[in-house]
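Asks: Have a look at the structure that comes next, please.
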Amino acid sequence: MSENSSNLQIAGREFRSRLLLGTGKFASNELMRDAIAASGSEIVTVALRRADLSGQHDRFANILDFIDAKRVQLLPNTSGAMNADEAVRLAKLARAAGLGNWVKLEIHPDPHYLLPDPIETLKAAEVLVKEGFIVLPYINADPVLAKRLEDAGCATVMPLGSPIGSARGVETRAQIEIIIAQAGIPVVVDAGLGAPSHAAEAMELGADAVLINTAIAVAADPIRMARAFKAAVEAGRDAYEIGLAPRSREAQPTSPLTGFLER
Amino acid sequence: MSFVSVFNELPLANLAQLARDATTVDVERALARSGHRSLSDFAALLSPAAAPFLEAMARESHALTVQHFGKAMRLFAPVYLSNECVNNCQYCGFSRDNPVLRTTLAVEQVMAEARHLVVEGFRNILLVAGEHPKFVSNGYLRDCVAALHTAGVPSISIEVGPLETEDYRPVVAAGCEGLVVYQETYNREVYREMHTAGPKKDFNWRLETAERGYAAGFRRLGIGALIGLGKWREEAIAVAAHAEYLLKKCWRAQLTVSLPRLRPAAGEFEPRHPMSDREMAQFVCALRLTFPHVGIVLSTRESPRLRDGLIPLGVTLMSAGSHTEPGGYTGAGSEKLHRTEHGKIVEVPAVPSEGEHCCATEQFVIADMRSAAEVAAKLRALGYEPVWKDWDPALSEKTPS
């Protein structure tokens, strides 16, 4: 990251990296661990349903052993929950198992497209915030919902660029622009970012961070792809902070009307 | 309206004709489709004309599977609870009239079987039983599920005789989240011929089972046809139509499709319409290309060579190290063994002496004899993470009111 780039702040914690990483779909846990290191990510999300919450150190569900919780902020997610009750229960179980009080709230009742349920997400967010959790909800790119979640006390909002795993990029661009314009909390563009250019685009729009999983996990070389996303996120953030030149339909002479004054 | 009325109106004859007579142009059109593929596209992809395109289909199928499911393979194992059965199905080893050794495991014996599998790594268990309301009641199923759930098996499914919605509810409430029911054959005529006695004779009742299960709260639904009874392309089209319907009607459930081919079993029924390995690969690819998000299940019915080859093509859930008889993993239930003929007990074999392993008769002979550890090692060698746990019991617990 350039020396001048600002840090990401979530719930009073500061992070140098603006790239969050998901841990599903990797060909091995070792590869996942190395990709996290290569990405420079400091916030890593894990599906609780994949992890061992029994405290008995299940070697057949040992994904957490590959994440250094001293180096990265662990962000357990409630993927698999179909409603608010299930998500809340899972989050509490994770906290009781010593996984901390950060939670990526994911409630998608449709297991095929994994699109988030706005009603249940808001309900769960309200409960979890009251229970002392740092809540990062995954949502469709709905500006009103984003404000409602902010009002409820969420630490961020995480609108999707396009459906999970679709690699279609920032298809919800117009809505995300509104969310960013209105947000008083960090906006993390999550899901559907299939190429480093997608991540850079989201960052150039002013997103505070992006979350990437599939595009890195299933790449032929996840470690190099993690580095590619790291560079793209940094480039996009720098460009946003510096300010992009306005777009124009026509070529613009440097001083079309007032150049004569310089002669 | 249930799937029965939709099924009755399906243009199955036209689709079957397309699956037989599709041209290269039809196949190319189906392959070139961007976005949702239709049942007509699916039929074209199953056709003999699509066979030369198998490599191209496999490439797209692989890419879609990796995109949606990652480089990961979920693993499960069956636990057979009972091979008692009131039905006569010509192809099934458990058929009532078959003179086979039968038993039903007590709940603690089911636990012993499950503990054996948990040590091997399995966290996803499928409870299987013949259809016999006296031995396999919903109360018994509920008790088995509750015991496994309490013992920390995160993911439990059942594959048993169809029940009413209300009878499924206690099983779901006990922590069961998956329901598997194969129609066996979607051809009514063949179905009638195959199922000669017992409640399974009712084609429509079975066809509506997945919906009844969904209404009772199951979160995963598994369907399939037993390949070898009817013409496989017609069965495949009907399965696809069923999947298409369930994806819309039962939208909260994760849908899996299985492609079981008939295996040797007691009764020695021979497949009438065999499907070659190459055709099976074509079926897997056509399914994936039409339903990118649907789980595809592959059991130990198939040989190691074919299973390993199909892994990258679209399969997302595999069993491993399976036994298809009650007590198969631990010998549990052997003290209650009895031989039946035409539903009557004719012989109680002597209790096996020490060291002698005497078990109930299996449903069918498996083809992949590798242990779970061997299959997991092979998956890793192929670049896939074996996923044992992909569910947490907290998700299936009932919320205290």
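Computed from the coordinates by the stated procedures, all read-outs in this text should not be read as laboratory data. Remember, it's a predicted structure, so these values are computed and weren't measured experimentally. Cβ atoms come from the backbone with ideal geometry, glycine included; neighbour counts cover every protein chain shown.
Asks: How much net charge surrounds residue B:288 when only the other residues with a Cβ under 12 Å from the Cβ of residue B:288 are counted, with Lys and Arg +1 and Asp and Glu -1?
Replies: Values: positive: B:37, B:59; negative: B:60.
My count for the surroundings of residue B:288 gives +1.
Asks: To the nearest 20 debye, what is the magnitude of the charge dipole of chain B about its Cα centre, counting +1 on the Cβ of each Lys and Arg and -1 on the Cβ of each Asp and Glu?
Replies: Dipole size: approximately 760 debye.
Asks: With a 10 Å Cβ neighbour count serving as the proxy for reagent exposure, in which order, fewest first, do B:365, A:129 appear? Working shown, then result.
Replies: Details: B:365 14, A:129 17.
Ordered from fewest to most neighbouring Cβ atoms within 10 Å, B:365, A:129 come out as B:365, A:129.
Asks: Same structure, new question: Run a plain Debye calculation on the range B:3-391 (Cα atoms as equal point scatterers, no solvent) and give log10 I(q)/I(0) at q = 0.09, 0.10, 0.13 Å⁻¹, rounded to two decimals, same order as the q list.
Replies: Debye curve over Cα of the range B:3-391, log10 I(q)/I(0) at q = 0.09, 0.10, 0.13 Å⁻¹: -0.50, -0.62, -1.08.
Asks: Okay, moving on. Can you list the lysines whose alpha carbon sits under 24 Å from that of residue A:147, skipping same-chain ones fewer than 8 residues off?
Replies: Hits, sequence-local ones excluded: A:104, A:123, A:130.
Asks: Moving to a separate point now. Divide by every residue of the protein assembly as shown the summed helix terms, -39500 (n - 2.57) for each DSSP H run of at least 4, and state the resulting mean residue ellipticity at 222 nm, rounded to the nearest 500 deg cm²/dmol. Write down the numbers at each step before the final one.
Replies: On the way: 24 runs with 251 residues, N = 664.
Result for the protein assembly as shown: -11500 deg cm²/dmol, rounded to the nearest 500.
Asks: Under 13 Å from the Cβ of residue A:116, count the other residues' Cβ atoms, weight Lys and Arg +1, Asp and Glu -1, and hand me the total.
Replies: Residues close to residue A:116 contribute a combined charge of -4.
Asks: Turning to a different aspect of this structure: Quote the FRET efficiency, to the nearest 0.05, computed for residue A:131 versus residue A:9 with a Förster distance R0 of 22 Å and r equal to the Cβ-Cβ distance.
Replies: Values: r = 22 Å, r/R0 = 1.02.
Step by step, r from the Cβ atoms, then E = 0.45.
Asks: May I pose another question? Could you please rank B:245, B:191, B:168, placing first whichever residue has the fewest other Cβ atoms within 10 Å of its Cβ?
Replies: Working: B:245 18, B:191 21, B:168 25.
Taking fewest neighbouring Cβ atoms as first place, the list is B:245, B:191, B:168.
Asks: Further, regarding this structure: Note the angle between two axes, namely the Cα long axis of helix B:232-249 and the longest principal axis of the Cα atoms of chain B, as a number of degrees from 0 to 90, rounded to the nearest 10.
Replies: 80 degrees
Asks: Okay, moving on. Under 10 Å, Cα contacts only: if you run a Gaussian network model on chain B, which one of B:261, B:305, B:278 comes out with the highest mean-square fluctuation?
Replies: In the Gaussian network model the winner is B:305.
Asks: Something else: Over the range B:1-126, what is the mean sequence separation of C-alpha contacts under 8 Å (at least six apart), divided by residue count, expressed as relative contact order in percent?
Replies: Reported as a whole number, the value is 19 percent.
Asks: Something else: Quick one: of the DSSP bridges fully inside the range B:3-391, what percent are antiparallel, nearest 5?
Replies: Close to 20 percent.
Asks: So what is the orientation-averaged projected area of the range A:43-140, using the convex hull of its C-alpha atoms, in nm²?
Replies: Averaging across all directions leaves 6.1 nm² for the Cα convex hull.
Asks: Considering every residue in B:187-196, what mean count of other chain Cβ atoms within 10 Å of its Cβ is obtained?
Replies: Across B:187-196, the average partner-chain Cβ count within 10 Å equals 0.
Asks: Measure nothing fancy, just the Cα-based angle from helix B:372-381's long axis to the longest principal axis of chain B, in degrees from 0 to 90, nearest 10.
Replies: Between the helix axis and the principal axis of chain B, the angle is about 30 degrees.
Asks: Another question about this same structure. Normalising by the residue count of chain B, find the relative contact order in percent from Cα pairs under 8 Å and 6+ residues apart.
Replies: Across chain B, relative contact order equals 25 percent.
Asks: Are there GluC sites (Glu not before Pro) in the range B:14-61 that DSSP marks as loop and that have at most 15 other Cβ atoms within 10 Å, and which are they?
Replies: When the GluC sites (Glu not before Pro) of the range B:14-61 are filtered for loop state and at most 15 Cβ neighbours within 10 Å, nothing remains.
Asks: Also, quick follow-up: Please give the FRET efficiency for residue B:196 paired with residue B:377, using the beta carbon to beta carbon distance and R0 = 51 Å, rounded to the nearest 0.05. Intermediate results must be reported in sequence, preceding the final value.
Replies: On the way: r = 44 Å, r/R0 = 0.86.
After rounding to 0.05, the efficiency reads 0.70.
Asks: Continuing with the same structure: If you build a Gaussian network model of chain A, linking Cα atoms that sit under 10 Å apart, which residue out of A:183, A:61, A:202 swings the most?
Replies: A:61
Asks: Pull up all non-local amide H partners of residue B:88: gap of 5 or more, or a different chain, and H-to-H distance under 5 Å with H placed in the peptide plane.
Replies: Correct list: B:96, B:196, B:197, B:198.
Asks: Same structure, new question: I need the phi-derived Karplus couplings for the range B:323-334: 6.51 cos²θ - 1.76 cosθ + 1.60, θ = phi - 60°, integer Hz, Gly and Pro marked x.
Replies: Once rounded to whole Hz, the list reads 10, 10, 10, x, x, x, 8, 10, x, 4, x, 5.
Asks: If amide hydrogens are placed 1.01 Å from N in the peptide plane, which non-local residues have theirs closer than 5 Å to the one on residue B:367?
Replies: B:301, B:302
Asks: Where does helix A:173-182 land angle-wise versus the long Cα axis of chain A, in degrees 0 to 90, nearest 10?
Replies: Approximately 90 degrees, to the nearest 10.
Asks: Now a separate question. Which whole number gives the average count of other chain Cβ atoms within 10 Å of the Cβ atoms across peptide A:56-68? Walk me through the numbers on the way to the answer.
Replies: On the way: counts 1, 0, 7, 2, 12, 8, 2, 3, 0, 0, 0, 0, 0.
Mean partner-chain Cβ count within 10 Å for A:56-68: 3.
Asks: Now for a separate question. Hey, with R₀ at 25 Å, roughly what FRET efficiency would residue B:151 and residue A:101 work out to, going by the Cβ-Cβ distance, to 0.05?
Replies: The formula returns an efficiency of 0.30 here.
Asks: Given the options A:136, A:211, A:99, state which has the largest fluctuation in a GNM of chain A using a 10 Å cut-off (strictly under) for Cα springs.
Replies: A:99
Asks: Pull up all non-local amide H partners of residue B:81: gap of 5 or more, or a different chain, and H-to-H distance under 5 Å with H placed in the peptide plane.
Replies: HN-HN under 5 Å from residue B:81: B:128, B:129.
Asks: Compute the convex hull volume of the Cα atoms of the range A:8-262, divide it by the residue count, and report the result per residue in Å³ as a whole number.
Replies: Value for the range A:8-262: 145 Å³ per residue.
Asks: Give the average, rounded to an integer, of partner chain Cβ atoms located within 10 angstrom of each Cβ in B:69-77. Intermediate results must be reported in sequence, preceding the final value.
Replies: Numbers: counts 4, 9, 8, 8, 0, 0, 1, 0, 0.
Mean partner-chain Cβ count within 10 Å for B:69-77: 3.
Asks: Which of the listed residues, A:129, A:193, B:156, is farthest toward the dipole's positive end in the protein assembly as shown, when Lys, Arg count +1 and Asp, Glu count -1 at the beta-carbon?
Replies: Value computed over the given set: A:193.
Asks: Oh, and also: How would you rank A:225, B:57, going from fewest to most other Cβ atoms within 10 Å of each one's own Cβ? Write down the numbers at each step before the final one.
Replies: On the way: A:225 21, B:57 24.
Placing the least packed residue first, the sequence is A:225, B:57.
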